[in-house]
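Have a look at the structure below before the remarks.
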Amino acid sequence: MRFKTLPLGIIGILLSVAGLVGYSLRPDWLWPVTIAEGLGLLCLMLFFIFHFEAVKAFSARRSTHMGANSILMILLVVAILVIVNFLASRHSIRWDLSENQNFTLAPQTHRVLRNLPHDVKVTVFTREKDPGFQGYKERLESYRQAATKLTVEFVDPERQPKIAQNYGIFRTDTAVFESNGQTIRVTSPSEVELTGALLRISKDAKKRIVFLEGHSERSLEDKERNGLSAAKEALTKQGYDIGTVSLLKETAVPENTSVLVIAGPQRQVTKDEQDRIQSYVDKGGHLLLMVDPDTQTELGPLLAHYGLGLGSGVLVDLQDRLAQGDLTALLVRTFTEHEITQDLTSAVLFPLSRHLTFDEQAGKDWDYVPLARTSPNSWAETNLQGRVVSLNEGEDIKGPLPMAAALAPKKEPEEGKPRPALVVVGNSAFATNAFFNFPGNSDFFLRTAGWLAEERDLISIAPKEPALRPFIPNPTQERTLLYIQVLFLPIMTFVTGIMVWRKRRRL
C-alpha cells in the first residue's frame, strides 16, 4: 500500500522529461538517458495498474469526454503547426517588403550562386551589437538559400578569440570566404562586395584588364578627382586582375590581356603603338578607348581601320544636360538596344564630350552599334569662344550625335578563336573619381568592361543596399517645377484664401 500511495504519475513524467532534456544537452549520455526513460515508463505503467478503477471512473465522466475532445483538438493543432514549420524549414519562402528591395538579390548574383564550381565557406566575424551584423545575417541568408554549395558561420570574436586569432582577425564585421585553397576577406555586407568575393574565389583564372600608359592617361593610383582609383577598386571587386602596360617599352600587348583600356590619353600615340594595338584587336583582343575632345592623340589611323572617326568640337545639348550645369555637361538618357545598355535605366553624365563617326564602307565587316546619343536638340560646337546658346548652321554639326559605340565583327570567328570587340567613348571623365559614383556612370563602365571581357555574370551587379536615387531634371523639367512650386501653388493658395475669407464675411 505504501508503494501504491507514491506519486508514480508525477515521478514518471519527471523522469521522462529529464531524459529528453538530458539527451538534447548531451546526446553521448545514451545509457543514463535510456535508464531515465525506462524508469519513467515503468512508473507510468504502475500508476495506471494501481489506479485502474479510478482512471476507469474518471474516463466515464461527461467532463472527461469533453476534456478529451479539447486535448485531441489541441494535439491536432500542434501537429499541424509542427508539419507547417517542418515544411517551411525545408521549403522556405521570403518576401522582401523593404523600400529599396534591400534583400532581393540581383539576377547576376543568382547566376553566380547557381554556378559555383566549388564549395564555399563563409565565416563572418561580428557581434550582435556591431553595425554590420544584421546586414551580414539577412543578406547571407538569402545567399545560402540560393546556393547549396555555400555554408555560412557566424563567430563572435570576443566569445571565441581562438578562432579569430587563427584567422588573423583584428577587426569585427569581417567575412572570410574560403574555397579550393583560396581565401578572400570582405569588410562590408553589401551585395557588390559579397558577390565580388564569390566571383574572385570561384574562378581558377582571373580575367586581366590592362590600362595603357605613357601618354598622360588618367592614373589608376590617382585618388584625386581626375584619377581612376574608384574605377580600379570597382573592377577589382568584380573579380578582375588590373594592371598597366607601356607599348613604348613592350613590343606587343601581353597575351593574357582580356581587355586593353586607353583612358583619356593627352599626348600622341605613335604609329608603332597603334600597329601593336591593331594587331592585338585583330587577333581577338578587346579594346576600350575613351578619348576626350581637344586632345592631340593622333588615333585617326587606328580607328579608321574599323571605320570609326573622332568628331571635332564639343557636344552641346539644350535638352539632355545636367540642370543648373554647363551646356556641355551631358546627361545622356538615350541608349540603343545592346547587351551593354540593356536595362540601363539611370542617366549617364558625360562632361565635355566629343561625338563619333562611322564610315559604313570602311567598316563594312563590322557590326556598329551607337550605344549613347545626344537628343535632337543638340549639336557639336566647333567654337567655344564666349557663351554657347545657339546652333551655328554653317559651322556646327547638328544632333542627335553618337558619343559611345560598340563594334564587333559581323562574321563569326573560326571555332576556338576569340572574337574581337571594341567600345569607343568620346569622353573619359565619366569614369573618374569625380563622376564614377554618379547614378549610371559606374553601371555603364562596369557593363562595358563585362561585355568586352566576355564575363556576362559581371555585367552590372547592382547593389541592393539603400542608395540615393535622386530625381535629376533636365532644364525643361526644372523650369516646369519652378513655375509650379514658386508661382502656381502660392497663387492658388492666395486665391483660395481670398475666396474663403469673402465667403465667411457673407455669413
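At a 10 Å Cβ-Cβ cut-off, how would you order Leu220, Leu228, fewest neighbours first?
Leu220, Leu228
Taking the number of other C-beta atoms within 10 Å as the exposure measure, put Phe211, Phe52 in order starting with the fewest.
Phe52, Phe211
Enumerate by residue number the GluC sites (Glu not before Pro) in region 179-287 meeting two conditions: DSSP loop (anything except H, G, I, E, B), and at most 15 other Cβ atoms within 10 Å of the site's Cβ.
In loop regions of region 179-287 (DSSP not H, G, I, E or B), the sparsely surrounded GluC sites (Glu not before Pro) are Glu221, Glu224, Glu250, Glu255.
Determine the dipole magnitude for region 206-458: charges of +1 sit on the beta-carbon of Lys and Arg, -1 on that of Asp and Glu, nothing else is charged, the reference point is the Cα centre, and the result goes in debye to the nearest 20.
Magnitude of the dipole: close to 340 debye.
Would you work out the relative contact order for region 206-458, in percent, from Cα pairs under 8 angstrom that are 6 or more residues apart?
22 percent
Give me the dipole magnitude in Debye, nearest 20, for region 166-287 about the Cα centre, with unit charges on the beta carbon: positive for Lys and Arg, negative for Asp and Glu.
80 debye
Going by Cα centres, region 231-292 and region 305-374 are how many Å apart?
Between the Cα centre of region 231-292 and that of region 305-374, the gap is 21 Å.
Please work out the FRET efficiency for the pair Lys121 and Arg171, using the Cβ-Cβ distance as r and a Förster radius of 25 Å; give the result to the nearest 0.05.
Working from the Cβ atoms, E equals 0.80.
If you filter region 119-181 for chymotrypsin sites (Phe, Trp or Tyr not before Pro), then keep DSSP loop positions with at most 13 other Cβ within 10 Å, what is left?
Qualifying residues, ordered by number: Phe170.
Once the Cβ-Cβ distance between Arg185 and Asn383 is put in as r, and R0 is 51 Å, what FRET efficiency do you end up with, to the nearest 0.05?
0.40
With a cut-off of 8 Å between alpha carbons and a minimum separation of six or more residues, what is the relative contact order of region 107-186 in percent?
It comes to 40 percent, rounded to a whole number.
Let a ≥ b ≥ c be the square roots of the eigenvalues of the Cα gyration tensor of region 107-186; is it rounded (a/c under 1.5), or, if not, prolate (a/b larger than b/c) or oblate?
Oblate, since a/c reaches 1.5 and b/c is not below a/b.
Need one number: % antiparallel among DSSP beta bridges in region 188-274, to the nearest 5.
0 percent
What spacing in nm lies between the two simple spin-label points modelled at Gln477 and Glu153, each 7 Å away from Cα in the Cβ direction?
Each label point lies 7 Å from its Cα, and together they span 5.0 nm.
Beyond 23 Å between alpha-carbons counts as too far, so tell me which of Lys121/Lys232; Lys207/Lys283; Lys237/Lys271 fall in that bin.
Violating the 23 Å limit, Cα to Cα: Lys121/Lys232; Lys237/Lys271.
Any idea what the dipole of region 220-290 comes to, in debye rounded to 20, about its Cα centre with Lys/Arg Cβ at +1 and Asp/Glu Cβ at -1?
About 160 debye.
Please give, to one decimal in nm, the separation of the simple spin-label points placed at Leu42 and Gln485, each 7 Å out from Cα toward the Cβ.
8.5 nm
Where does each of Tyr368, Tyr23 land when they are ranked from fewest to most other beta-carbon atoms within 10 angstrom?
Going from least to most buried by this count: Tyr23, Tyr368.
Between Thr236 and Glu415, what is the label-to-label distance in nm when each label sits 7 Å out along the Cα-to-Cβ direction?
If labels sit at Thr236 and Glu415, their model points lie 4.2 nm apart.
Every read-out reported here was derived from the displayed coordinates using simple, explicitly stated rules and does not represent laboratory data. A quick note: this is a predicted structure, and the numbers were derived from the prediction, not measured. FYI the Cβ positions are ideal-geometry reconstructions off the backbone, even for glycines, and counts take in every protein chain you see.
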